[in-house]
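Undergrad: Just dropping this structure here.
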Amino acid sequence: MEKLKDITFYHMDKAIRTYRSYAQKRLRDNGFTITIDQWLVIKAILENPDITQQELAEKVFKDNASVTRIIALLVKSGYLERDLNPDDRRKTVLNVTVEGREVIAKVQTLVLQNRQVALNGIAQDELEILNKTLKIITENCS
């Protein structure tokens, strides 16, 4: 039987979880109340202004219920506004507020620093191979 230390996906999961924990701690330590997941949701909305909640859930790798809770918290925090869709009143349109845009801009410097720490000692060609490999794994499992 193989050992955990020999399983590639174990190391991938550990790396992701360690990075997310590190990044979240850095956000808290720098006075931000936003979470990594909230940051992801805001970024996804900014990049895809007409995104539906279902598409948003897929883009940030969360289930619909989790995205609903994150959106509610972001609305409560003043980072998002939920408006009725003029074409279909059963749907809502999500808009990032000025405060939401400001927090994303402020957090961006920290995000880049976090990535720099995490990727320290990894050459650009190694990152390109890693990204290509991860894309292949994703395609294989889709």
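The values are calculated or read from the model by the stated rules, or taken from the named source; none is laboratory data. None of the values given here were measured: they were computed from a predicted structure. Cβ atoms come from the backbone with ideal geometry, glycine included; neighbour counts cover every protein chain shown.
Undergrad: Given the criteria surrounded by fewer than 17 Cβ atoms within 10 Å (Cβ to Cβ), within 14 Å of residue 73 (Cβ to Cβ) and at pLDDT below 95, does residue 52 qualify? Reasoning before the result, please.
TA: On the way: surrounded by fewer than 17 Cβ atoms within 10 Å (Cβ to Cβ): yes; within 14 Å of residue 73 (Cβ to Cβ): no; at pLDDT below 95: yes.
Judged against the criteria, residue 52 is not a match.
Undergrad: For residues in the stretch 64-81 being touching an Asp or Glu at 6+ places or on another chain (Cβ under 8 Å) and among the aliphatic types (A, V, I, L, M), which is surrounded by the most Cβ atoms within 10 Å (Cβ to Cβ)?
TA: Only one residue tops the list, namely 70.
Undergrad: Considering each residue of the stretch 102-126, count those that are within 16 Å of residue 75 (Cα to Cα) and under 15 Å from the mean Cα position of the chain (by Cα), and give that number. Let's see the steps before the verdict.
TA: First, the residues of the stretch 102-126 that are within 16 Å of residue 75 (Cα to Cα): 102-104.
Now restrict to residues that are under 15 Å from the mean Cα position of the chain (by Cα): 103-104.
Number satisfying all stated conditions: 2.
Undergrad: For the stretch 89-137, enumerate the residues that are without any contact (Cβ under 8 Å) to a residue 12 or more places away in the chain, assigned to a helix (DSSP H, G or I) and among the β-branched types (Val, Ile, Thr).
TA: Within the stretch 89-137, 98, 109, 129, 133, 136, 137 meet the criteria.
Undergrad: Right, here's the next one. Applying the selection to the stretch 40-75, what residues are among the basic types (Lys, Arg) and either part of a helix (DSSP H, G or I) or in contact (Cβ under 8 Å) with a residue 60 or more places away in the chain (or both)?
TA: Answer for the stretch 40-75, where residues must be among the basic types (Lys, Arg) and either part of a helix (DSSP H, G or I) or in contact (Cβ under 8 Å) with a residue 60 or more places away in the chain (or both): 43, 59, 69.
Undergrad: Go through the stretch 76-88 and give me each residue that's free of Cβ contacts under 8 Å to residues at least 24 places away in the same chain and not in a helix (DSSP H, G or I).
TA: Initially, the stretch 76-88 is screened for residues free of Cβ contacts under 8 Å to residues at least 24 places away in the same chain, giving 76, 78, 81-88.
Scanning the stretch 76-88 gives 78, 81, 82, 83, 84, 85, 86, 87, 88.
Residue-by-condition table, conditions (1) within 20 Å of residue 18 (Cβ to Cβ); (2) surrounded by fewer than 11 Cβ atoms within 10 Å (Cβ to Cβ); (3) modelled with pLDDT under 95; (4) in contact with a strand residue (DSSP E or B) (Cβ under 9 Å, 6 or more places away or on another chain):
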{"position": "109", "(1), (2), (3), (4)": "no, yes, yes, no"}
{"position": "113", "(1), (2), (3), (4)": "yes, no, no, no"}
{"position": "121", "(1), (2), (3), (4)": "yes, yes, no, no"}
{"position": "125", "(1), (2), (3), (4)": "no, yes, no, no"}
{"position": "128", "(1), (2), (3), (4)": "no, yes, no, no"}
{"position": "132", "(1), (2), (3), (4)": "no, yes, no, no"}
{"position": "135", "(1), (2), (3), (4)": "no, yes, no, no"}
{"position": "141", "(1), (2), (3), (4)": "no, yes, no, no"}
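Undergrad: Can you tell me which residue within the stretch 13-39, out of those that are assigned to a helix (DSSP H, G or I) and of a type in the set (Val, Ile, Thr), is nearest to the chain's Cα centre (by Cα)? Spell out the reasoning first.
TA: The first filter runs over the stretch 13-39 and keeps only residues assigned to a helix (DSSP H, G or I), leaving 13-29, 36-39.
Adding the requirement that they be of a type in the set (Val, Ile, Thr) leaves 16, 18, 36.
Values: 16: 12, 18: 15, 36: 6 Å.
In this case the residue turns out to be 36.
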